[in-house]
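The values are calculated or read from the model by the stated rules, or taken from the named source; none is laboratory data. Just so it is clear, the model here is predicted, and its values are computed rather than measured. Please note: Cβ atoms are built from the backbone with ideal geometry, for glycine as well, and neighbour counts cover all protein chains shown. These accessible areas exclude ligands, DNA and RNA; they are computed on the full protein's heavy atoms, side chains included. Shrake-Rupley method; radii C 1.70, N 1.55, O 1.52, S 1.80 Å.
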Amino acid sequence: MKYTITLLPGDGIGPEVMGAAVRVVDSCGLGVSWEPHIVGQEAIERFQTPLPPEVLDSVRKNRVALKGPVTTPIGKGFGSVNVLLRRELELYANLRPVRTLPGVRSRYSGVDLVIVRENTEGLYSGIEHRLTKGVVASLKVATEAACLRISRFGFAYARKHGRKKVTAIHKANIMKLTDGLFLDCARLIAPEYPEIQYEEKIIDNAAMQLILNPAAFDVLLNENLYGDIISEIGAGLVGGLGVVPGANIGEESAVFEAVHGSAPDIAGQNRANPVAAILSAALMLEYLGEHESAQRITAAVHAVLAEGRAVTADLGGKATTTEMTDAVLRSLERAPAAPHAAL
Ligand code: NAI
Ligand code: MG
């Protein structure tokens with residue numbers, strides 16, 4: 001086998017959409033062997049921890065994982081497996097390309113954004129405490145090292161992919177120290193990339209501008225929380241969570257996963273849209289240097305979306321997850337390479 005890849009199916013709709021992604025990758029005949037692992041609630045029941053050490057060992061060894069969504073209990077219970085994975089493996093950059101897709105209904109056309117999100121600190125540091133009865137606090141952590149690293153990643157990505165502009169998103173007018181540091185770091189890196197335009201926008205204004213005129217943006221550079229929210233605004237601009245892929249990238253390893261969560265409302269019903277998971281797998285193949293397969297998969301997905309007959313309910317169709325995946329596989333047999341790379 002050429003590649004061994006850690007597979008984390010997750011829960012909720014995770015196993016359904018990951019099953020689809022695995023079928024599509026396997027059909028490319030690249031010699032991928034999957035190493036499946038359980039995380040989240042099921043791992044707690046079996047191993048008394050949501051993220052068993054073998055999972056981290058597996059990703060460290062294989063360097064690449066494909067991951068489904070994992071349910072995180074709200075307001076109590078275990079911490080987010082995603083946050084733990086990202087922190088433990090130093091997957092410091094979260095990358096979410098957001099593009100208008102053929103045939104997918106949306107109020108916008110021609111959206112083509114890349115959202116870069118710092119993945120390891122900010123308000124997701126999980127440092128919360130109770131000061132006194134009725135008073136709690138959450139620490140927003142910003143370090144120079146992490147801010148410089150994500151800025152460099154954003155600009156390097158922009159250069160590599162021929163992007164024109166990087167917009168740093170912030171609220172440094174209020175959070176003068178933390179977001180101030182984030183901006184200082186972006187400003188330090190920007191001159192190393194003179195061909196790329198650099199601008200700054202305050203998060204609330206950026207959110208409105210994105211909805212008014214998404215074409216005004218190119219690469220968006222975010223700290224953790226803003227990136228989370230901006231990513232889902234991005235998904236809303238191109239037809240919803242079912243179609244937006246993502247990647248968590250570090251120096252040593254990378255974990256590929258859709259933006260969407262475990263969707264308990266439709267889990268186990270064969271109704272989930274597999275596109276986000278399949279396109280995340282395409283990003284993974286791109287990362288592995290399998291450009292042709294990544295492009296063929298992207299083109300096959302586009303063809304199924306453009307035709308619009310075998311699409312799931314979230315896209316206005318009647319197809320099941322399995323039927324849509326079957327259509328992608330059929331299209332893959334015919335699909336030529338797409339004009340642009342996925343990642
Ligand atoms: P969600 O993304 O699971 O669902 C939001 C809405 O979008 C739901 O109506 C759902 O049915 C729909 N949706 C999501 N993915 C879809 C798909 N592929 N096809 C069709 N419809 C889809 O977000 P929610 O409800 O906020 O979170 C549910 C759980 O997922 C929570 O426990 C949350 O912590 C977890 N989560 C996990 C993530 C991860 O593991 N990477 C990311 C986001 C949330
Ligand atoms: Mg989110």
Using the Kirkwood radius over Cα pairs of segment 1-148, the Stokes-Einstein translational diffusion coefficient at 37 °C and 0.692 mPa s, in µm²/s and rounded to a whole number, is 183 µm²/s
Sparse-neighbour loop sites [GluC sites (Glu not before Pro); segment 146-221; at most 14 other C-beta within 10 Å; DSSP]: Glu195
I need the shape label for segment 29-113. Rule: rounded when a/c is under 1.5, else prolate if a/b > b/c, else oblate, with a, b, c from the alpha carbon gyration tensor. prolate
Sorted from largest down, give the three principal axis spans of the alpha carbons of the chain, whole angstrom values. 54, 49, 37
Excluding Leu123 itself, what net charge comes from residues whose Cβ is under 13 Å from its Cβ, given Lys and Arg +1 and Asp and Glu -1? -3
Cβ-Cβ cut-off under 13 Å around Leu305, Lys and Arg +1, Asp and Glu -1: the net charge is +1
Looking at segment 1-107, which trypsin sites (Lys or Arg not before Pro) are in a loop (DSSP not H, G, I, E or B) and have at most 14 other Cβ atoms within 10 Å? Lys2, Lys76, Arg105, Arg107
If you roll a 1.4 Å probe over the chain with all protein chains in place, what percent of the accessible area is carbon or sulfur? 55 percent
Give me D for segment 107-220 in µm² s⁻¹, whole number, from Stokes-Einstein with Rh from the Kirkwood sum over alpha-carbon pairs, 4 °C and 1.567 mPa s. 84 µm²/s
Could you please state, rounded to a whole Å, how far the C-alpha centre of segment 59-80 is from the C-alpha centre of segment 167-232? 27 Å
Please get the size of the charge dipole for the chain, origin at its Cα centre, with Cβ charges of +1 on Lys and Arg and -1 on Asp and Glu, quoted in debye to the nearest 20. 440 debye
Per the chain, cysteines lacking a partner by the 4.7 Å Cβ criterion: Cys28
As straight-line cross-link partners of Lys176, the qualifying lysines (C-alpha separation under 17 Å, not fewer than 8 residues apart within one chain) are Lys140, Lys201
Over 23 Å between Cα atoms, which of Lys76/Lys171; Lys2/Lys61; Lys67/Lys165 qualify? Lys76/Lys171; Lys67/Lys165
Excluding ligands, DNA and RNA, what is the solvent-accessible area per residue of segment 107-220 at a probe of 1.4 Å, expressed in Å²? 52 Å²
Using a 1.4 angstrom probe with every protein chain in place, what is the largest-first accessible-area order of Thr71, Thr49? Thr71, Thr49
Putting +1 on Lys and Arg Cβ atoms and -1 on Asp and Glu Cβ atoms, find which of Thr143, Ala172, Met208 reaches farthest to the positive end of the dipole of segment 107-220. Met208
Could you tell me the calculated FRET efficiency between Leu188 and Asp26, based on Cβ-Cβ distance and R0 = 41 angstrom, to the nearest 0.05? 0.40
Taking a ≥ b ≥ c as the square roots of the eigenvalues of the Cα gyration tensor of segment 233-314, is the shape rounded (a/c under 1.5), prolate (a/b larger than b/c) or oblate? oblate
